[in-house]
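Trainee: One structure follows; several queries about it will come next.
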Amino acid sequence: MEKRTLGELEFEGEILDHLEKEDHYVRRTNKDFDRARAMDDEMLLGFLEATQPDEVATLRRVFGDRYAETVLNCVNRELMKPSRSLIDVLKNGVDVSHVHLHLMYRRPASGLNPALEAKYEQNKLSVAPEVWVSDEERIDLVIFLNGLALFAIELKCEADGQDYTDAMNQWRQERNPKDRALLERAGCAVLFAMDTSNVYMTTRLAKERTAFLPFNMGCADGPDDVDTGAGNPLRDDDYSVAYMWEDVLKKDSVIELVSQFMFYERDKEGREALIFPRYHQRDAVRRILADAYVNGTSENYLVQHSAGSGKTKTIVWLAYRLASLHDANDEQIFDNVVIMTDRVNVDRQLQAAVLALDPKAGMVRTLDASCTSADLADALNGNTKITVTTIQKFMYISDLIKRSAKTYAVIIDEAHSSTTGTEMASVRSSLMIDPGEAATEQDVIDAELRANGKLPNVSMFAFTATPKPTTLQLFGRPDEHGFHRAFHLYSMKQAIEEGFILDVLDNYTEYETYFQLTKTVADDPRVKQSDARRRILRFAELQDANVAQRVEIIVEHFRENVMGTLGGVAKAMVVTDSRKSAVRYMQAFQRYIDEHGYDDVHALVAFSGKVTVDGATYTEPMMNGFPESQTPDRFDGDGYNVMLVADKYQTGYDQPKLCAMYVMKKLRGVNAVQTLSRLNRVPRGRRDKQTFVLDFANTYEDMRKAFAPYYKATMLANTVTVSDIWELDKRIDAAAVFDPDDVDGASSILLDPEGVDAKGKRKLDNVMKRTLKHYMALGTDKDKREFAKDLRAFVRFYEFLSQASGFSDEGLYRKHVTYKVFARYIPRTARDTGMDLSALIAAMGFKQRKVGEHKGEKLTSKPFVKLPSADRFVPKDEDEVELSKVIDEINSAMGTDYDTDVAMAAVMQVINIMMGSDKLRRSAKANTEEEFRLSFESEIKSAMVRSYSQNKELFSTLLKDDERARQVFDVFLHSMYGQMRGE
């Protein structure tokens, strides 16, 4: 027999007292427990008689003295059927001899049916301590709903030297999954392991394979933090887990969990699992519902839930509840719920989950990317309660709901898809998106909402792990300090601490690339310094020697450190900075694998569209040998373990087997977080995953800074004020580009309630072209850039203010609509492509150097992000400098020790010696250039030896390093070959 300690008994007693006195539980004993059927017979029969007297009377007439035993056996048989479950029986009842019996009454969505409300109130909760489920097994507490065993709790008390982990071990090691009360589906639905500080739960007992999830509130680090970490907050006067009996186990909560949260989900293999919400999922849904109950459609909501939060299921529960939410006057708040997502297969998952909660016909409809505008209109104007569609349809849906008299709840699943091309230029400009980040579908949504303001018949519910400043401004709520923040938070920190995701910076290695540049022509052309530097570094980045060295590091690191982890199924992603780069690395990757005879590394490539490299055209399907729609599934299988990507699969792509990432691309801000976070998923049933990041383009400190705003709560540190608008207005007026009469005339045309007809369009076009002449007459290019920046900032800030605070001013509004149109007429400055520097320079002596390893360093939070202000920041006009100065600057940064001119003179001396070689000249005339290379390389060392006395320092280095020497002189092979042939 198990020995109980005094501390645990006291803990149990306090829970029982509260449940009985405060929550009106009926306290029962082990004697009342029917072990064979896992029910309290008396409580079940009493519930039936109190709520369904007519049905009970009918059954008594049919079965006489056998009534009770017959009903109990019938209920038990239904519970034990493979096609049914405890949750199903509670939700849908049973039939006994053609008489339907309800075993639970749901809470009505409105107060319009007093009879149902009365039935709901007659649901009975009871609790029994120390319940013997077998001769050897005793459960500390069992919770019953209308006599059916629903929850079982194992208690531990830290004062006795035991905690929740001992309770979990007790479930795993000392409880039999075949006991009737613990049978999957038919027995207790949820098993809790609880001490005075933590709560964990499982819905399936499977001996040592039993998987427990935390059911904790989250714990703040300090008084100013929102609950951000794992665990529960300390309480001065009660246990940290008191929320269990003060909230979770209350009758309303228990019935809500059964009827509106718990459902069975089928995985890819067809296995069903009972889904029970984690604490933050339940809390988010309930808080949002409570707020919408009071505020109707007047508010928007931002939910900042980290990866690993179970966001898809939270969206399902929220959508399901919003579809039937009524206000205090019993009026339905939302006529339709729209879920918008861009994640592959999520639309079908959402539909399946909603139908599992409520299989009513017409409850949910999924419209994929192939659906037409007529399909969407039909769904939104019809009786479908929940419509699931792609986020790319947002603009059309926005237009539909603006013109509708119905009310809508629009749930936006984090929009990851990068959106590029000329159609995104205005979105990027208006939202001031960092040039280093790709514009996403979320940015399109933000721009649309900001331009149109808050619609009175629509509430938006935006889910994201990484809210941008614009999103915080549009969806966030100001806290007591005036900072905009999410309505609900489940932080990255908590997800990491609870084991749902991994800290991807926990094993991070920095590499730096060193090389030597030289001019290959006598001229010294003048170039724009920063542009030339960018193009030179880009040129060096894709040099064969550089790519080959990096590929060697990647392949060998993957084979030695990554490939054997996760039982041999670990995978890696190589992040390149362009489609051309992806092609080059893929070619080098395959070449290296073939040369070394490796048959255990198999790569595929992922990029969009076509790209031309060295005169040949490449596509993803062409290089992989199968359609790009198959890429995710092929990579998930056993055939491939490395994926090289260019702006694809870096966001919104879940592959738990990804363990390593090799980065060749500059990353910043949200883009850095989302890219590296592809590694953070934990495979089901595996806690041994380790991540690796080898970064050739960024520093560890840069990545820490990128993650810092999203580690805990993200807050908007500033906002747009009216003074910003007036400051911009003064600057625009001072430029005298707009004639006030033209502004009045143009805005009158644009604001005509009948719309803009053909005549109005001609007038408007004339006004804009007349104004454009004034703009083009501004002094310098810098003056034009400053004016254009101010103009776009005015449009952006006015829309922010009108959306966020209801600000309005007729004069400024007329300017706003006019400026917004004129902004399209301003010619965009094309990027100066400059001269082709690849013909003027050579890069050699490449070396990859490991400069830092970071393991086990903890992320820190710097929660504030900022909107752009009205202050000007216009890049200054660059002076041109000689190409040699740019080369010197880069070489200096590379840490090379040789004076460029001296080194170049030394190399040219060797070339002159080689040019005098009759042997080489004969070889050049008799052979192809590739055949000539053999003679050329064989002469290098002897020519250097002849020049050694004059250039000891340089040549002592090159003579010891054949590879570097080959790279240095290979630059001149082509020109020497031509000269020797007399070409």
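The values are calculated or read from the model by the stated rules, or taken from the named source; none is laboratory data. Since this is a predicted model, take the numbers as computed values, not measurements. For neighbour counting, all protein chains shown are included, and Cβ atoms are generated from backbone atoms with ideal geometry for every residue, glycine included. Ligands, DNA and RNA are excluded from the accessible area calculation, which covers all protein heavy atoms including side chains. Shrake-Rupley method; radii C 1.70, N 1.55, O 1.52, S 1.80 Å.
Trainee: Contour minus end-to-end for ALA50 and LYS850, with contour as 0.36 nm per residue of separation and end-to-end as the Cα-Cα distance?
Mentor: Extra length from ALA50 to LYS850 when fully extended: 280.4 nm.
Trainee: Rounded, prolate or oblate, given the Cα gyration tensor of the stretch 18-112, with a/c below 1.5 counting as rounded?
Mentor: In terms of gyration-tensor shape, rounded.
Trainee: Just to be sure I understand the model, the point goes 7 Å from the Cα along the line to the Cβ. What's the resulting ALA374 to LYS769 distance in nm?
Mentor: So the label points at ALA374 and LYS769 sit 4.0 nm apart.
Trainee: Tell me, in nm to one decimal, what length is gained between GLN630 and VAL682 on full extension, where the rule is 0.36 nm per residue of separation less the Cα-Cα distance?
Mentor: 16.4 nm
Trainee: In addition: Roughly how many percent of the accessible protein surface of the stretch 1-130 is carbon and sulfur, given a 1.4 Å probe and a whole-percent answer?
Mentor: 51 percent
Trainee: With a probe of 1.4 Å, find how much accessible area the stretch 1-133 has per residue, and write the answer as a whole number in Å².
Mentor: Computed with neighbouring chains in place, this is 51 Å² per residue.
Trainee: OK, next. Among DSSP beta bridges lying fully in the stretch 575-672, give the percent that are antiparallel, nearest 5.
Mentor: 40 percent
Trainee: Rounding to the nearest 20 debye, state how big the charge dipole of the stretch 546-674 is about its Cα centre with +1 on each Lys and Arg Cβ and -1 on each Asp and Glu Cβ.
Mentor: Dipole about the Cα centre, nearest 20: 580 debye.
Trainee: Something else now. Calculate the dipole size of the stretch 610-689 relative to its Cα centre from +1 charges on Lys and Arg beta carbons and -1 charges on Asp and Glu beta carbons; express the result in debye to the nearest 20.
Mentor: That gives the stretch 610-689 a dipole magnitude of about 480 debye.
Trainee: Here's a follow-up. For PHE63 and GLU810 in the same chain, what is the full-extension length gain: residue separation times 0.36 nm, less their Cα-Cα distance, in nm?
Mentor: Gain on extension, PHE63 to GLU810, equals 260.9 nm.
Trainee: For a 31 Å ceiling on Cα separation, which of these pairs sit above it: LYS360/LYS468; LYS81/LYS360; LYS571/LYS610; LYS91/LYS689; LYS313/LYS648; LYS468/LYS815?
Mentor: As for pairs spanning more than 31 Å Cα to Cα, those are LYS360/LYS468; LYS91/LYS689.
Trainee: Provide the FRET efficiency to the nearest 0.05 for the LYS21-ASN113 pair, computing r from the beta carbons and using R0 = 35 Å.
Mentor: In this case the efficiency is close to 0.70.
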